[in-house]
Amino acid sequence: MTTPTYSKLTIDERGVAWLTLERPEVHNAFDDHLIHELNGHLLRVGELAQRGEVRALVLGSEGKSFSAGADLNWMKRMVDYDFEDNLADSRELSALMHSLDTLPCPTVCRVQGATFGGAVGLAACCDIVIASDKARFCLSEVRIGLSPAVISPYVQRALGSRQMRRYALTAEVMDAASALTLGLAHQVVVPEELDNAVTAMVETLLTTSPQASRATKALLAEVARVPDSNPTRDHTCRVISELRVSHEGQEGLASFFEKRRPTWAPEPSSTTERRS
């Protein structure tokens, strides 16, 4: 019997990875099978990104909803899980969030509709969230006696601790405008412009140095962890010094002064055709 696939990863000729949830019939709800698939995809993307072969990742989904959160059949199975089973399950989800959050390349989340429960964590783990004005976000866990525990570090970082208390404890639905104001989303557009907005953001990211993007993303994670200390300040000095003497750093400076396009930036008319 063929094992169903709930997601798809494609990488186009520019080095853009497109990771898509493909369970529209259940609003892209995720279960242990989908989490396992996504972990595998992100492992591959992470390895390619570290080598500079993937420049950016776009996380999206098919259908009306981005993701309804946990799959109902999965939740029914979990009723019979003991503590150790639940712990193993939770660690897989935690690995997914951590992998997405620490992916070496920039990440863009395309949100077209309902984003509930753990799916809010997926959005919060991405560097840039572009949402349709039809999108809705909800930390719905407390309504069924649970908690947004595994995703809480990432969502709280996006919302701030004060707003996190409200939305995690009330399970209120945030509309797209509220998500934008609170910092969960970076851009909100009408549904017809969502794909154009995502494409424009990807093209912007492709104009940046791949090495500098990786270094900056890692640097910002470290600065957020320890904002002001002698080791952090020394680390920031070392990062910029290493970049200045690197091949891409030298190329970037040279292209700036010579008023030309750097070697890593594609032609403005580059194709968006995807390949596997």
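The values are calculated or read from the model by the stated rules, or taken from the named source; none is laboratory data. Model, not experiment: these values are computed from the prediction. Don't worry about glycine lacking a Cβ; one is built from the backbone with ideal geometry, like all the others, and counts go over all protein chains shown. Surface areas here come from the heavy atoms of the whole protein model, side chains and all, with no ligands, DNA or RNA. Shrake-Rupley method; radii C 1.70, N 1.55, O 1.52, S 1.80 Å.
How many Lys pairs in the chain lie less than 28 angstrom apart by Cα atoms, where the lysines are 8 or more positions apart or on different chains?
Numbers: K8/K64; K8/K76; K8/K134; K8/K217; K64/K76; K64/K134; K217/K259.
Lysine pairs satisfying the spacing and distance rule in the chain number 7.
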Packing-ranked peptide list from 120-130, 42-52, highest mean Cβ count within 10 angstrom first, is 120-130, 42-52
The base-10 log of I(q)/I(0) that the Debye equation returns for the stretch 91-166 at q = 0.17 Å⁻¹, one scatterer per C-alpha, is -0.64
Share of accessible surface on carbon and sulfur in the chain, whole %, 1.4 Å probe and ligands ignored, is 55 percent
Placing +1 on each Lys and Arg Cβ and -1 on each Asp and Glu Cβ in the chain, then taking the dipole about the Cα centre, the residue among V111, L57, F257 whose Cα reaches farthest towards the positive end is F257
Computed for the stretch 1-123: size of charge dipole around the Cα centre, +1 on C-beta of each Lys and Arg, -1 on C-beta of each Asp and Glu, debye to nearest 20, value 540 debye
Within the set T115, T107, T199, GNM on the chain using Cα springs under 10 Å gives the largest fluctuation to T199
Computed for the chain: size of charge dipole around the Cα centre, +1 on C-beta of each Lys and Arg, -1 on C-beta of each Asp and Glu, debye to nearest 20, value 700 debye
Subtracting the Cα-Cα distance of A171 and R233 from 0.36 nm times their residue separation yields 18.4 nm
Given the candidates A135, A149, S94, the one whose Cα lies deepest towards the positive end of the charge dipole of the stretch 32-162, counting +1 at each Lys or Arg C-beta and -1 at each Asp or Glu C-beta, is A135
Any residue on another chain or 5+ positions along whose placed amide H is under 5 Å from the amide H of L57 is listed here as A17, T107, V108
Measure of exposure for S255: accessible area at 1.4 Å probe, Å² rounded to 10, is 10 Å²
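If I take R0 = 35 Å and measure r between the Cβ atoms of T5 and R157 in this structure, what FRET efficiency does the formula 1/(1 + (r/R0)^6) give, to the nearest 0.05? All intermediate terms of the calculation are to be shown ahead of the outcome.
Working: r = 31 Å, r/R0 = 0.89.
The computed FRET efficiency comes out at 0.65.
I'm a student and want to see the number: the projected area of the Cα convex hull of the stretch 16-65, averaged over all directions, in nm².
Values: hull surface 13.5 nm².
So the Cα hull casts an average projection of 3.4 nm².
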Pseudo-spin-label distance S241 to H186, built 7 Å along Cα→Cβ, given in nm, is 3.0 nm
A correct Karplus calculation of ³J(HN,Hα) over the stretch 193-206, with 6.51 cos²θ - 1.76 cosθ + 1.60, θ = phi - 60°, whole Hz and x for Gly and Pro, returns 9, 4, 5, 5, 5, 5, 4, 4, 5, 4, 4, 5, 5, 6
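So with the 1.4 Å probe, I'd like the accessible area per residue for the chain, rounded to whole Å². Walk me through the intermediate numbers first.
Numbers: 14650 Å² over 276 residues.
I get 53 Å² per residue for the chain.
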Highest GNM mean-square fluctuation among S94, S229, S147, for the chain with Cα springs under 10 Å, belongs to S229
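May I ask for the Kirkwood hydrodynamic radius of the chain, worked out over all distinct Cα pairs and given in angstroms to one decimal? Can you show the working numbers first?
Details: mean 1/r = 0.0504 Å⁻¹.
When all Cα pairs of the chain are included, the Kirkwood radius is 19.8 Å.
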At q = 0.18 1/Å the base-10 log of I(q)/I(0) from the Debye formula over the alpha-carbon atoms of the stretch 209-258 is -0.59
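Take the Cα gyration tensor of the stretch 1-121, multiply each eigenvalue by 5, square-root it, and list the three semi-axes largest first, rounded to whole angstrom. List each step's numbers first, then the result.
Values: eigenvalues 124, 56, 33 Å².
Whole-Å semi-axes of the equivalent ellipsoid: 25, 17, 13.
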Free-by-geometry Cys in the chain, Cβ-Cβ under 4.7 Å as pairing rule, reported as C105, C125, C138, C237
Taking only the alpha carbons of the stretch 170-218, the radius of gyration and the largest Cα-Cα distance, Dmax, both in angstrom, are 14.6, 42
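Kirkwood hydrodynamic radius, computed over distinct alpha-carbon pairs, for the stretch 174-262: how many Å, to one decimal? Display every interim value, and only then the final one.
Numbers: mean 1/r = 0.0625 Å⁻¹.
Its Kirkwood hydrodynamic radius stands at 16.0 Å.
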